[in-house]
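Following: one structure in structure tokens, then a few remarks.
The values are calculated or read from the model by the stated rules, or taken from the named source; none is laboratory data. What you are looking at is a predicted structure, and each value in this text was computed from that prediction instead of being measured. Please note that ligands, DNA and RNA were not included when accessible areas were found on the heavy atoms of the full protein model with its side chains. Shrake-Rupley method; radii C 1.70, N 1.55, O 1.52, S 1.80 Å.
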Amino acid sequence: MKRASTISVFLILLFAVSAQVQAQTSKPGPELKKLDFLAGTWTMNADLKPSPMGPGGKVTGTDQIEWMDGGYFLVWHSKVTSGVMGKFSATAYMGYNANDKVYTYDDFNSMGEAEHSKGTIDGDTWTWAADEKMGGTTVKGRYTMKILSPTAYSFKFEMSQDGTSWTTVMDGKSSKN
């Protein structure tokens, strides 16, 4: 019994030292630096397009974006107002998965939805893709951001049932305050 507790203490100490060494030597990769421009407060104005899901309308919102301690994830706190959907809020985490070599975006909102997207960057254009369930059917979602300046980007959200024919659901612009 004494031997088992000695081994347990040893393993706990080994884990603690290993975690401390890893924390001291592990630093966010250069891919995460590409997200730096997003940190800050942003104002969003968009047009929701009429569709079988409902009428179109204006959408406005504010995003408070900051780096989580450690610098591995951006944390988004969003407040959105839409004539169609009313007011809602969301919290999201954006980072980089070095194993898959893709950016990640995980969003949880006050309507009970959770969305998980993977993103890539090509020049000044970010593209985020996700599979989403709508009424028991899986549809593909694509969110494209085009960086216009360090303080502005345009965006477009599209959906597709087959991944080849896309319909614009919403487009707009975000500006840094």
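With contributions of -39500 (n - 2.57) from each DSSP H run of at least four residues, the per-residue ellipticity at 222 nm computed over the chain stands at -5000 deg cm²/dmol. Pairs to check: 27/79; 87/146; 33/133; 87/133; 27/133. Give those whose C-alpha atoms are more than 29 Å from each other in this structure. Over 29 Å Cα-Cα: 27/79; 33/133; 27/133. Normalised by the number of residues in the chain, the mean separation of alpha-carbon contacts (under 8 Å, six or more apart) gives a relative contact order of 16 percent.
Largest GNM mean-square fluctuation across 34, 146, 79, computed for the chain with C-alpha springs under 10 Å, falls on 34.
Normalised per residue, the accessible area of region 20-125 is 60 Å², obtained with a 1.4 Å probe and no contribution from ligands, DNA or RNA.
Out of 59, 102, 139, any idea which swings most in a Gaussian network model of the chain, alpha carbons joined below 10 Å? Its mean-square fluctuation being the largest, the pick is 139.
With the cut-off at 23 Å, report for region 48-177 the share of all Cα pairs above it, as a whole percent. The answer is 33 percent, as a whole percent. The accessible surface of region 25-177, taken with every protein chain in place and a 1.4 Å probe, is 54 percent carbon and sulfur. Every Cα-Cα pair of region 109-177 was included, and the share exceeding 17 Å stands at 50 percent.
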